[in-house]
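The values are calculated or read from the model by the stated rules, or taken from the named source; none is laboratory data. Computed from a predicted model, the values in this text were never measured in an experiment. Using ideal geometry, Cβ is built from the backbone for each residue, glycine included, and neighbour counts are taken over all protein chains shown. Heads up: the accessible areas ignore ligands, DNA and RNA and are worked out on the full protein's heavy atoms, side chains in. Shrake-Rupley method; radii C 1.70, N 1.55, O 1.52, S 1.80 Å.
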Amino acid sequence: MDELQNKSERVDQLMNQYGKPFIDDQHFSDPHLTDQQIKDDYTNLLRAFLSAFVVATSRPISQLSKQEIIATVDTFDQLLPTGDDYTLYFENSVRTGATFLIWLSDKGIVSLTPQQIANAFNERTMAASMDEMPMNIKEGFDTYLVDRDREAYHYDRPSLTAYQDGTAGNIRITIGQTAQALFDSPQFKSEMGQITHGYTLDIFDYLIGMASHLYGEFRKTPKSWTKKALKSVLTGYLIKDATIRPEEYPETVTILKMFMDVAAQEHVTTKTIAERMKRAIDEVAPEMIQLGKNRRHFSNKKKGMLADMDEDHTLKDEQDDQPSASETATSPTSNPSKS
């Protein structure tokens, strides 16, 4: 009993010393919940993660290592029952824990860098337990934790305010949720019809990428997006590195505008800013489409990815893994017309 009490007191201490300031410092948003409900939810998720941490190790969190992160996730996985509900709870708690540890790194409380923390989570979760997670979480986990374009696009320019990994991570999480709301919307289904799973994932990726670049290159969060910044991202990152084929840029314009509508509906940004962004998209569309027609504007990485894909975003070396015709007939993310 004394050991359990000591661990509980240690969790309380960590929550009071670090957890509460972390929660207060975040910019979570959910139109269906009050700010207090959101804070309570994230407090519970973080407390669960820290409970696993104190079971896994007795070392101070300031001495956090890659091994402690892996041990914590392993312990948490072992403590939870099996089942879809617990899998989702596990995923949400681990993601909250990852964002929390990156926040601690930003504050100089742990010596690991945000990249080292992300790598540790990815190494563990993309091995055993990730097989139990939803497909979109498996394929998007690295996107949530760390922006792969940070160095290439010079996010840490001295002319900008300090890059906050926690803020950037929360933007990616929020935009990922908004992208899913877009895919579920009647407007998207009407405009796009049935599209392949691979195409859905690439849209998901470039929407998160767009928001990540708006913050990384310009420090613009969704409620401070500007036309100038958006136009730069749409004629920069979206041309150079987003997995969009030359012939897809006209429909990308439509997708981006639908996304802005959903972002306003979900209170991720304001209606005023969403309308302003839609005007920016219309204004820059001719230039974006023209740039996108010429593959010379694509990075070598993008050229390689497009070369590995069929027109419907199906990977050429994974044809054997694709669903059968009978399966695609009922799949919401298949598009026979584009196959």
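Need a quick list: helices (runs of 4 or more DSSP H) entirely within the stretch 160-223 having at least 3 residues that are of a type in the set (Ser, Thr, Tyr).
Ranges flagged: 165-184, 197-218.
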Filtering the stretch 73-91 down to residues that are in contact with a Phe, Trp or Tyr (Cβ under 9 Å, 6 or more places away or on another chain) and within 20 Å of Ile173 (Cβ to Cβ), which residue is surrounded by the fewest Cβ atoms within 10 Å (Cβ to Cβ)?
Glu91
Of all residues in the stretch 272-283 being out of contact with any Pro (no Cβ under 9 Å at 6 or more places or on another chain) and touching a residue at least 24 places away in the same chain (Cβ under 8 Å), which is surrounded by the fewest Cβ atoms within 10 Å (Cβ to Cβ)?
Asp282
Residues satisfying the stated conditions in the stretch 205-238, i.e. in contact (Cβ under 8 Å) with a residue 60 or more places away in the chain and open to solvent by less than 20 Å² (accessible area, probe 1.4 Å)
Ile208, Gly209, Ser212, His213, Gly216, Tyr237
In the stretch 295-323, the residues that are open to solvent by less than 50 Å² (accessible area, probe 1.4 Å) and either over 26 Å from Met258 (Cβ atoms) or modelled with pLDDT under 50 (or both)
Ser299, Gly304
State whether the residues of the stretch 243-252 include one that is at pLDDT below 95 and either within 23 Å of Glu151 (Cα to Cα) or surrounded by 22 or more Cβ atoms within 10 Å (Cβ to Cβ) (or both).
yes
For the stretch 145-159, what are the residues that are without any contact (Cβ under 8 Å) to a residue 24 or more places away in the chain and not in a loop (DSSP other than H, G, I, E, B)?
none
For the stretch 256-271, how many residues meet the condition of being part of a helix (DSSP H, G or I) and either open to solvent by 90 Å² or more (accessible area, probe 1.4 Å) or in contact with a helix residue (DSSP H, G or I) (Cβ under 6 Å, 6 or more places away or on another chain) (or both)?
10
Would you pick out the residues in the stretch 134-170 that are more than 20 Å from Ile208 (Cα to Cα) and either surrounded by 13 or more Cβ atoms within 10 Å (Cβ to Cβ) or modelled with pLDDT under 50 (or both)?
Leu160
